[in-house]
Amino acid sequence: MSKGAIIAALLGLASIVLVFVVVPGMRDAGYIVRAYVITAVILAVYTWSLANRVDKAEKGRSARRDVTP
Amino acid sequence: MGNVIIFMAVAVLTVVVIGYTLALAKKPAEAAKRGAVIAGVVAAVLIVLGLYLGLVWAPTERMMGDSYRIMYIHFPSWVGTAAGYLVAFIASIAYLRTRDQGYDYVAASAAEIGLLFNATGLVTGALWGRPTWGVYWTWDPRLTTTAIMAITFAGYLVLRAFIEDPEARARVSSLVAIVGFVNVPIVYFSVRWWRTLHQVQSSPETVDSPMVWALRTMMVAFLFLFLYLLISRYMLARIRGEEELEAVRLEVASE
Amino acid sequence: MSGDVRRAMALLHKDLLTERRSKASFNAMAFFAAMVLFIFSFALGPDSPNMTAGEGQTLLQYLWPGLLWVAIFFTGVLALGRSFQVEMESGGMEALRIYPGDKKAVFAGKLAANLVTLAAMELILIPVSAILYNIDLWTKIPALMGIMFMGSLGFAAVGTFYAALTANLRARDVMLPVLVFPVLVPIVVAAVKATTLIVRGDPMGEMWTWIRIMLLIDIVLLTVCTLTFEFAIED
């Protein structure tokens with residue numbers, strides 16, 4: 001996994017944890033939690049996936065460059 | 001006075017971002033990477049800061065309670081959406097004029113990231129609307145326009161999947177992005193006329209100080225997140241695009 | 001007459017002759033349009049007890065402006081999708097590309113041909129729906145024609161443009177509606193609103209506003225599509 005992917009996953013998880021610690025007890029907590037969690041999941045999953053794909057593409061390209069004379 | 005300063009700051013920021021993304025189109029993937037790393041780090045730091053400010057530091061609002069806190073991810077989503085589609089529009093024009101494939105990589109990447117933020121904007125909007133106004137969705141001008149933008153650029157991405165020739169793909173999707181983007185203000189104003197002749201538009205209430213700082217932090221954070229994602233997506237597009245061209249060249253050479 | 005205008009007219013003439021020779025396809029589309037109207041009747045019922053729209057109106061009468069334009073747009077998209085069929089079957093857009101003179105003339109010719117086709121369909125749809133849903137239109141026909149023209153013009157402009165863009169795609173039949181629909185929204189809103197005002201009266205004098213809105217939409221769309229059409233038919 002690439003560095004970007006790891007950071008994205010960690011940040012996503014951390015924000016979800018923060019939300020679950022801070023928000024319950026507030027009015028309309030259910031909506032707030034859902035909004036933050038869904039956004040965090042969407043952004044974190046996309047960033048994680050993208051970072052990995054870029055990493056793989058970069059590695060693939062440098063491997064091919066090493067092979068071709 | 002304050003509003004003029006904000007307007008000028010946003011205008012300058014817009015020009016800088018667009019200038020950067022147009023310059024990005026000329027860069028090979030390795031050269032772009034540094035920008036991605038910087039943007040990513042800034043985004044991560046600002047997000048952490050912004051979440052603290054928004055969820056912990058900012059007080060409960062007198063009238064609206066706490067559900068207003070959703071705005072700390074709702075408005076920043078529109079920053080990402082607007083940035084994405086605006087960059088896609090301008091890069092598309094640049095492509096048609098120069099036929100430099102780099103602009104196509106930027107446009108497609110920007111559209112995809114814009115759609116991503118469009119999605120989070122719609123979701124957070126629905127979840128904020130429900131406790132505030134009692135409805136998940138309403139056909140007011142702003143919401144309707146953002147839904148239309150999502151459909152437009154989703155169509156843009158689907159269309160690209162159907163065209164194999166890179167030049168045709170770039171040309172056709174540039175046209176779709178241009179017409180689609182021009183359509184956005186038209187939709188906004190016609191829906192506004194459609195609605196206000198019958199009912200008054202409701203806007204979110206003005207916000208006071210601690211909340212403003214949390215909001216600004218998150219908006220800048222999402223702008224940097226947008227840049228990080230755009231540059232990364234561009235790198236992927238460029239590497240894959242060059243592979244594609246390489247493959248075509250080999251095919252032609254072997255005939 | 002300037003060369004470009006002549007070329008546009010020649011293209012319009014050729015397209016319409018091709019259409020007329022394939023009368024079968026026009027009949028098929030007319031039948032499709034009638035079918036859409038019938039389906040609305042069955043779907044929305046002649047009169048369900050709790051669904052009368054008040055003031056002695058049935059639901060269908062109340063919804064007629066919207067249903068009419070939906071029928072026009074669905075049938076129209078079918079027709080527009082086929083408007084570059086002749087070119088595609090005989091060697092692609094090459095014929096249009098080597099046409100002498102400004103490509104804007106090509107767009108104008110194609111647009112005019114599509115507009116005529118749309119008009120023909122509307123001339124069938126309006127009386128048939130008015131009869132089916134019991135709507136009295138006699139005194140309102142001139143105003144209605146004006147609105148029909150303005151709405152159809154914007155529709156034909158973007159439809160012709162996107163039809164050219166998607167002409168050689170396998171997935172044209174799906175992609176054309178997907179691409180056209182978001183751009184159609186302002187036209188739908190304005191046209192249905194204006195049609196409603198014609199049929200049910202205009203107590204607050206809004207009509208002039210809506211006419212200006214439709215004019216603005218038509219001008220913007222026509223301009224953008226005309227200016228970029230040459231890129232749309234490139235190789």
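The values are calculated or read from the model by the stated rules, or taken from the named source; none is laboratory data. Remember, it's a predicted structure, so these values are computed and weren't measured experimentally. A quick note on method: Cβ atoms are made from the backbone with ideal geometry, for glycine too, and the neighbour counts reach across all protein chains shown.
Table: residues versus (1) of a type in the set (Ser, Thr, Tyr); (2) free of Cβ contacts under 8 Å to residues at least 24 places away in the same chain.
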| site | (1), (2) |
| --- | --- |
| A:Ala9 | no, no |
| A:Phe20 | no, yes |
| A:Val33 | no, yes |
| A:Tyr36 | yes, yes |
| A:Val41 | no, no |
| A:Asn52 | no, no |
| A:Gly60 | no, yes |
*Go through A:Leu13, A:Leu50, A:Leu43 for me and flag whichever is under 18 Å from B:Ala221 (Cα atoms), of a type in the set (A, V, I, L, M, F, W, C) and within 10 Å of chain B (Cβ to nearest Cβ).*
A:Leu43
*Could you list, in sequence order, all residues of region C:92-132 that are touching a residue at least 60 places away in the same chain (Cβ under 8 Å), assigned to a loop (DSSP other than H, G, I, E, B) and of a type outside the set (Asp, Glu)?*
C:Gly92, C:Met93, C:Tyr99, C:Pro100, C:Gly101
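So that you can scan it fast, the table gives a plain yes or no per residue for (1) closer than 17 Å to C:Leu144 by Cα; (2) touching a residue at least 60 places away in the same chain (Cβ under 8 Å); (3) more than 8 Å from chain B (Cβ to nearest Cβ); (4) small (Gly, Ala, Ser):
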position: C:Gly159; (1), (2), (3), (4): no, yes, yes, yes
position: C:Ile187; (1), (2), (3), (4): yes, no, yes, no
position: C:Ala190; (1), (2), (3), (4): yes, no, no, yes
position: C:Gly205; (1), (2), (3), (4): yes, no, yes, yes
position: C:Glu230; (1), (2), (3), (4): no, yes, yes, no
*asked:* For region B:8-38, which positions are outside any helix (DSSP H, G or I) and either of a type in the set (Asp, Glu) or surrounded by fewer than 13 Cβ atoms within 10 Å (Cβ to Cβ) (or both)?
replied: B:Lys26, B:Pro28
*Within region B:45-63, which residues are facing another protein chain (nearest Cβ under 9 Å) and surrounded by fewer than 20 Cβ atoms within 10 Å (Cβ to Cβ)?*
B:Val48, B:Tyr52, B:Val56, B:Thr60
*Test C:Phe155 against the stated conditions and say whether it is in contact with a helix residue (DSSP H, G or I) (Cβ under 9 Å, 6 or more places away or on another chain), under 14 Å from C:Phe73 (Cα atoms), more than 9 Å from every other protein chain (Cβ to nearest Cβ) and surrounded by fewer than 24 Cβ atoms within 10 Å (Cβ to Cβ).*
no
*asked:* List pairs: first residue in region B:153-164 and without any contact (Cβ under 8 Å) to a residue 24 or more places away in the chain and assigned to a helix (DSSP H, G or I), second residue surrounded by fewer than 19 Cβ atoms within 10 Å (Cβ to Cβ) and of a type in the set (D, E, K, R) anywhere in the structure, Cβ distance under 8 angstrom, at least six positions apart or on different chains.
replied: B:Phe162/C:Arg170
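For every residue, the table says whether it meets (1) within 24 Å of C:Ala33 (Cβ to Cβ); (2) modelled with pLDDT under 80; (3) in contact with a Pro (Cβ under 7 Å, 6 or more places away or on another chain).
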residue	(1), (2), (3)
C:Gly54	no, yes, no
C:Pro65	yes, no, no
C:Leu68	yes, no, no
C:Gly91	no, yes, no
C:Leu96	no, no, no
C:Tyr99	no, yes, no
C:Ala105	no, no, no
C:Ala112	yes, no, no
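Evaluate region C:168-177: report whether one residue or more is out of contact with any Asp or Glu (no Cβ under 6 Å at 6 or more places or on another chain), within 14 Å of chain B (Cβ to nearest Cβ), acidic (Asp, Glu) and surrounded by fewer than 21 Cβ atoms within 10 Å (Cβ to Cβ).
Yes; the residues of region C:168-177 include at least one that is out of contact with any Asp or Glu (no Cβ under 6 Å at 6 or more places or on another chain), within 14 Å of chain B (Cβ to nearest Cβ), acidic (Asp, Glu) and surrounded by fewer than 21 Cβ atoms within 10 Å (Cβ to Cβ).
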*Scan region B:66-102 for residues that are facing chain A (nearest Cβ under 10 Å) and not hydrophobic (A, V, I, L, M, F, W, C) and report the count.*
9
*Scanning region B:103-145 for residues that are polar (S, T, N, Q) and more than 11 Å from the chain's Cα centre (by Cα), which turns out nearest to the other protein chains (Cβ to nearest Cβ)?*
B:Thr124
*Do we find that C:Asp202 is over 24 Å from B:Val179 (Cα atoms) and either of a type outside the set (Lys, Arg) or in contact with a helix residue (DSSP H, G or I) (Cβ under 9 Å, 6 or more places away or on another chain) (or both) in this structure?*
yes
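Yes or no: region B:203-215 includes at least one residue that is modelled with pLDDT of 85 or more and more than 20 Å from B:Gly80 (Cα to Cα).
No - not one qualifying residue is present in region B:203-215.
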*asked:* Report every pair of residues separated by at least 6 positions or lying on different chains whose Cβ atoms are under 8 Å apart, first residue within region B:13-27 and modelled with pLDDT under 95, second assigned to a loop (DSSP other than H, G, I, E, B).
replied: B:Ala25/B:Asp100; B:Lys26/B:Asp100
*Taking B:Arg169, is it under 24 Å from A:Tyr46 (Cβ atoms) and either modelled with pLDDT under 90 or crowded, with 24+ Cβ neighbours inside 10 Å (or both)?*
no
*Search result, residues across region A:22-40 that are facing another protein chain (nearest Cβ under 9 Å) and assigned to a helix (DSSP H, G or I)*: A:Val22, A:Ala29, A:Gly30, A:Tyr31, A:Ile32, A:Arg34, A:Ala35, A:Tyr36, A:Ile38, A:Thr39, A:Ala40
*asked:* Kindly evaluate C:Val183 against the criterion of being touching a residue at least 12 places away in the same chain (Cβ under 8 Å) and crowded, with 24+ Cβ neighbours inside 10 Å.
replied: yes
